[in-house]
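A quick write-up on the structure given underneath.
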Amino acid sequence: MEIPVKKKSYSQKYRKEWEDNPDFKDWFAPVQGTDLKNIHRTKCSEIINEVLGPHFKESLRLDIADQKYSLILDESTDISVSKNLGIAFRYFSNSQNKVLSTFLALTPIPQADANVLAEAIIITLNDNNLKIKNSVGIGTDNASVMTGVNNGLYQILKTMG
């Protein structure tokens with residue numbers, strides 16, 4: 001006797017207000033026989049990568065414009081021994097009229113020394129049209145590579161800004 005194997009379904013939940021947003025309307029046009037409450041992960045990934053991601057990235061760029069901001073940084077090594085630099089920042093949002101903290105990027109890095117970290121930060125800021133000279137602060141976990149007086153990331157960024 002063969003035991004039937006239940007196939008896992010990876011459907012994603014969505015928000016009803018997405019259907020009314022003009023930026024996303026075409027993506028949510030009902031397809032014959034499709035229940036929009038259960039979007040397959042492939043379509044959901046496409047929506048996130050091709051529509052939502054660029055939309056929110058552009059709105060973030062417009063919101064921060066030439067505002068002053070503070071960087072929040074942390075280096076991490078995952079289980080596969082890949083090193084990444086998490087970059088978040090705080091700024092005053094004119095559109096929401098309050099201080100916001102938001103994630104910017106998770107940048108892969110080959111090694112965790114101050115020069116590599118500084119280069120990764122500069123590249124990420126440039127990719128997001130942010131100027132290092134507008135940075136007014138840095139928050140880290142007090143690792144010596146970040147806060148070292150002579151060769152730390154803070155000193156390197158200070159000379160660049």
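Numbers below:
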item: Strands (runs of 3 or more DSSP E) lying entirely in the stretch 44-152 (those with 3 or more residues that are of a type in the set (Ser, Thr, Tyr)); result: 69-77, 98-109
item: Residues being of a type in the set (Val, Ile, Thr) and either free of Cβ contacts under 8 Å to residues at least 24 places away in the same chain or under 10 Å from residue 69 (Cα atoms) (or both) - total across the stretch 86-108; result: 2
item: Residue 75 vs. criteria assigned by TED's automatic domain parsing to the domain that holds residue 112, surrounded by 12 or more Cβ atoms within 10 Å (Cβ to Cβ) and modelled with pLDDT of 70 or more; result: yes
item: Qualifying residue in the stretch 87-99 (condition: in contact with a strand residue (DSSP E or B) (Cβ under 7 Å, 6 or more places away or on another chain) and loosely packed, with under 14 Cβ neighbours inside 10 Å); result: yes
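The values are calculated or read from the model by the stated rules, or taken from the named source; none is laboratory data. Computed from a prediction, not measured in an experiment: that's the story for all the values here. A quick note on method: Cβ atoms are made from the backbone with ideal geometry, for glycine too, and the neighbour counts reach across all protein chains shown.
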